[in-house]
1. Can you tell me which residue within region 146-163, out of those that are outside any loop (DSSP other than H, G, I, E, B) and touching a strand residue (DSSP E or B) at 6+ places or on another chain (Cβ under 8 Å), is modelled with the lowest pLDDT?
2. Restricting attention to region 100-128, report how many residues are without any contact (Cβ under 8 Å) to a residue 40 or more places away in the chain and assigned to a strand (DSSP E or B).
3. Select, from 69, 55, the only residue that is within 22 Å of residue 180 (Cβ to Cβ), in a loop (DSSP other than H, G, I, E, B) and free of Cβ contacts under 8 Å to residues at least 12 places away in the same chain.
4. Evaluate region 129-144: report whether one residue or more is more than 21 Å from residue 31 (Cβ to Cβ) and exposed (fewer than 14 other Cβ atoms within 10 Å of the Cβ).
5. Could you grab me the full set of residues in region 72-85 that are in a loop (DSSP other than H, G, I, E, B) and surrounded by 14 or more Cβ atoms within 10 Å (Cβ to Cβ)?
6. If you go through region 10-40, how many residues are in a loop (DSSP other than H, G, I, E, B), in contact with a helix residue (DSSP H, G or I) (Cβ under 7 Å, 6 or more places away or on another chain) and within 15 Å of residue 176 (Cβ to Cβ)?
């Protein structure tokens, strides 16, 4: 199995165009209002078109937003996947007939949380817990909590970057790795070299 790659937190079209030239599987955009990485609708529409042209799945990230709020975005932006990053009830959002990524915030009781979830029904992301940023914080969680989990069914995020991604991949084989702050030069602005290095490091690892 080869781990997939999701790059997230895009709001600038130049960064989106560059990301689409890389060998990635998912491109994420934040639709939570007043966040440092919030994308505007016009740019998001262009981003989805670019993703479709490059066989990349577009992901919209939402945080404890109502069905109505998300519907108002989806009616304009033809996202492939909805990512729920708060404490939402997934069943409330299946009406969109979109694939869903459900976020689980890493903690010592992760096994208890996962025991209540059908890992085959939706996609599930484990991310570091940060009450202020709620993702994209650059914080790494203790990967030891993954040792008894079926990582091949999980997206893993939290403080990933080119110089630690191999440490994770040598221990586990996640379904997908997800990065935002680890490929930035400042919040909301991607560093194209770091993006390229991150993707190349992963792809080269699996070619060996």
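1. We begin by selecting, within region 146-163, every residue outside any loop (DSSP other than H, G, I, E, B); these are 146, 151-156.
When the remaining residues are screened for being touching a strand residue (DSSP E or B) at 6+ places or on another chain (Cβ under 8 Å), the result is 146, 153-156.
Values: 146: 90, 153: 94, 154: 95, 155: 97, 156: 97.
That would be 146.
2. Taking region 100-128 as the starting set, the residues that turn out to be without any contact (Cβ under 8 Å) to a residue 40 or more places away in the chain are 100, 102-105, 107-122, 124, 126, 128.
If we keep only those that are assigned to a strand (DSSP E or B) too, we end up with 100, 102-105, 124, 126.
The total comes to 7.
3. Numbers: 69 fails: in a loop (DSSP other than H, G, I, E, B).
Every option except 55 fails the conditions.
4. yes
5. Quick first cut of region 72-85, residues in a loop (DSSP other than H, G, I, E, B) only: 75-80, 85.
Those that are in a loop (DSSP other than H, G, I, E, B) and surrounded by 14 or more Cβ atoms within 10 Å (Cβ to Cβ): 77, 78, 79, 80, 85.
6. Qualifying residue count for the region: 3.
Conditions tested, residue by residue: (1) buried (at least 17 other Cβ atoms within 10 Å of the Cβ); (2) touching a strand residue (DSSP E or B) at 6+ places or on another chain (Cβ under 6 Å).
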| position | (1), (2) |
| --- | --- |
| 165 | yes, no |
| 178 | yes, yes |
| 181 | yes, no |
| 192 | no, no |
| 200 | no, no |
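The values are calculated or read from the model by the stated rules, or taken from the named source; none is laboratory data. Note that this is a predicted model, so its numbers are computed, not measured. We place every Cβ from the backbone using ideal geometry, glycine too, and count neighbours over all the protein chains shown.
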